[in-house]
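Undergrad: One structure coming up, written as structure tokens, with questions to follow.
The values are calculated or read from the model by the stated rules, or taken from the named source; none is laboratory data. Bear in mind that the values here come from a model prediction, so they are computed numbers and not experimental data. Neighbour counts run over all protein chains shown; Cβ positions are idealised from the backbone, glycine included.
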Amino acid sequence: MLQLDKFMTYSLINIVPGETEESLIESVLDYLEIIGKIEYPKDPKTPREALLKDLFKERKERIKYQKVAFDEIENKVIALAYILIKTEVNPEFDKGKQIANFDLTVLKEYAHLEIIEELFITIVQETKNFDYVTTVKGCNIWEEEWNLWLKHEADHFDTVEVNRLYFDEVNWELMDQWREEGKRKAKFENISLLRFEECPEEILENYSKLYTEGSNLIPYEDEDKNEEKYLETPSSRRTREEIRRNLGEVWLTLVSKEENGKLSGFTEITYSPEKAHIAVQQLTGVTPQYRGRGLGKWLKAEMLFLVKEMMPKVIVIHTGNSKANAPMLAINERMGFRSVLTVKCFSMNVKEYLF
């Protein structure tokens, strides 16, 4: 237990499946509900069963360490942090094993306290048990959290706008116009759309190359600080599909195919029935040689109507875009996406900095 001043007492507590007391679990769920309402006040409450499943979700492709900061006087959780470390079965292990992903949330009124820095340090130190981890990356919303990263010699490499499109704010007439324009151009140029949850075997290799290219074309504010390059292979795609299936998630993809057989663009949505109100917009990309024809607009409009049809409980689409990604931000803004949070992303070399 850490006594940090004469008025308040805080403690850091591990959250471990099968070991954490029920009363503390309930406090963590209370905290997650509060954080959810702070970040996304328009959303309905996520069912506690879904929050609980996320909290203790065990996945063979990564190791998760998590702790909470607990206010002993108020008898409540005030912050939660976790770090994700890739295992050898992770489809991104060969290219990305050196990067551990960190997250910290905190109630705003507690963000300045020393206990939050202690939580930060304690969780990041878990990487010392893994020789292959050299870098910790994470994104946060409060200025106090940004300053904490900078205090510990981290580099700020990107600023991300968390954007949301609520269905009751969509200009469906405009979206229908985009869809019809896309269909007309596609008919004239003999472009077809493919739709799948599991990538068809006959396009698997080519789609993996398209996905790799699209992933690595995403711009960042400071490209030099973003050492993470992505490589999709047929094997990694199949592994990621299996992971999604095991989680009970829907992973819906639309791909454009040119007259010459080339795959030119794609967009993807993920959806968990346990969080039925929300779908997450993942990557959208068009290869440079096929840009300038409205493919991105068509793909995104078609996907919007698909979500409306296939996932009728969805009320919002959630995504995040780097401030450096002007073309995607422009499309999203025209669709009706609006910024609900600004987060700054940091990268820390844990081998160079000793706590």
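Undergrad: Tally up the residues in region 288-337 that are assigned to a strand (DSSP E or B) and under 20 Å from L217 (Cβ atoms), please. Reasoning before the result, please.
TA: Taking region 288-337 and keeping what is assigned to a strand (DSSP E or B), we get 316-322.
Now narrow it down to the ones that are under 20 Å from L217 (Cβ atoms): 319-322.
Qualifying residue count for the region: 4.
Undergrad: Filter region 250-266 for residues that are surrounded by fewer than 18 Cβ atoms within 10 Å (Cβ to Cβ) and either in contact with a Pro (Cβ under 8 Å, 6 or more places away or on another chain) or not acidic (D, E) (or both) and give the result.
TA: V250, N260, G261, K262 - these are the residues of region 250-266 that are surrounded by fewer than 18 Cβ atoms within 10 Å (Cβ to Cβ) and either in contact with a Pro (Cβ under 8 Å, 6 or more places away or on another chain) or not acidic (D, E) (or both).
Undergrad: When you go through L306, L295 one by one, which is the residue that is at pLDDT 90 or above and either crowded, with 17+ Cβ neighbours inside 10 Å or out of contact with any Leu (no Cβ under 8 Å at 6 or more places or on another chain) (or both)?
TA: L295 is the lone residue from the list that is at pLDDT 90 or above and either crowded, with 17+ Cβ neighbours inside 10 Å or out of contact with any Leu (no Cβ under 8 Å at 6 or more places or on another chain) (or both).
Undergrad: I've got another one for you. Starting from region 174-200, keep only residues that are in a loop (DSSP other than H, G, I, E, B), then list their pairs with residues that are surrounded by fewer than 15 Cβ atoms within 10 Å (Cβ to Cβ) whose Cβ atoms are within a distance under 8 Å, requiring at least 6 positions of separation or different chains.
TA: N190/E259; I191/K185; I191/E259
Undergrad: Which members of region 88-102 meet the condition of being part of a loop (DSSP other than H, G, I, E, B) and either under 18 Å from N349 (Cα atoms) or outside the structural domain of Y132 (by TED's automatic domain parsing) (or both)? Lay out the reasoning, then the answer.
TA: First, the residues of region 88-102 that are part of a loop (DSSP other than H, G, I, E, B): 88-92, 97-98.
K97, Q98 - these are the residues of region 88-102 that are part of a loop (DSSP other than H, G, I, E, B) and either under 18 Å from N349 (Cα atoms) or outside the structural domain of Y132 (by TED's automatic domain parsing) (or both).
Undergrad: Give region 52-87 a look and list any residue that's hydrophobic (A, V, I, L, M, F, W, C) and assigned to a helix (DSSP H, G or I), or say none.
TA: L52, L55
Undergrad: Would you check if there is a residue in region 270-279 being charged (D, E, K, R), closer than 29 Å to I38 by Cβ, in contact with a helix residue (DSSP H, G or I) (Cβ under 8 Å, 6 or more places away or on another chain) and not in a loop (DSSP other than H, G, I, E, B)? Spell out the reasoning first.
TA: From region 270-279, those charged (D, E, K, R) are 274-275; that's our starting set.
Still in the running and closer than 29 Å to I38 by Cβ: 274-275.
Next, from what is left, pick out any that are in contact with a helix residue (DSSP H, G or I) (Cβ under 8 Å, 6 or more places away or on another chain): 274-275.
Filter once more, so that each one left must be not in a loop (DSSP other than H, G, I, E, B): 274-275.
The answer is yes, given that some residue of region 270-279 is charged (D, E, K, R), closer than 29 Å to I38 by Cβ, in contact with a helix residue (DSSP H, G or I) (Cβ under 8 Å, 6 or more places away or on another chain) and not in a loop (DSSP other than H, G, I, E, B).
Undergrad: Criterion first (assigned to a helix (DSSP H, G or I), in contact with a strand residue (DSSP E or B) (Cβ under 8 Å, 6 or more places away or on another chain) and closer than 24 Å to S322 by Cβ) does E145 satisfy it?
TA: yes
Undergrad: Sticking with this structure for a sec: Would region 194-201 turn up any residue that is crowded, with 16+ Cβ neighbours inside 10 Å and among the aliphatic types (A, V, I, L, M)?
TA: Going residue by residue through region 194-201, those that are crowded, with 16+ Cβ neighbours inside 10 Å are 199.
Going one step further and asking which of them are among the aliphatic types (A, V, I, L, M), we end up with none.
Within region 194-201 (the criterion being crowded, with 16+ Cβ neighbours inside 10 Å and among the aliphatic types (A, V, I, L, M)), the answer is no, since none of the residues qualifies.
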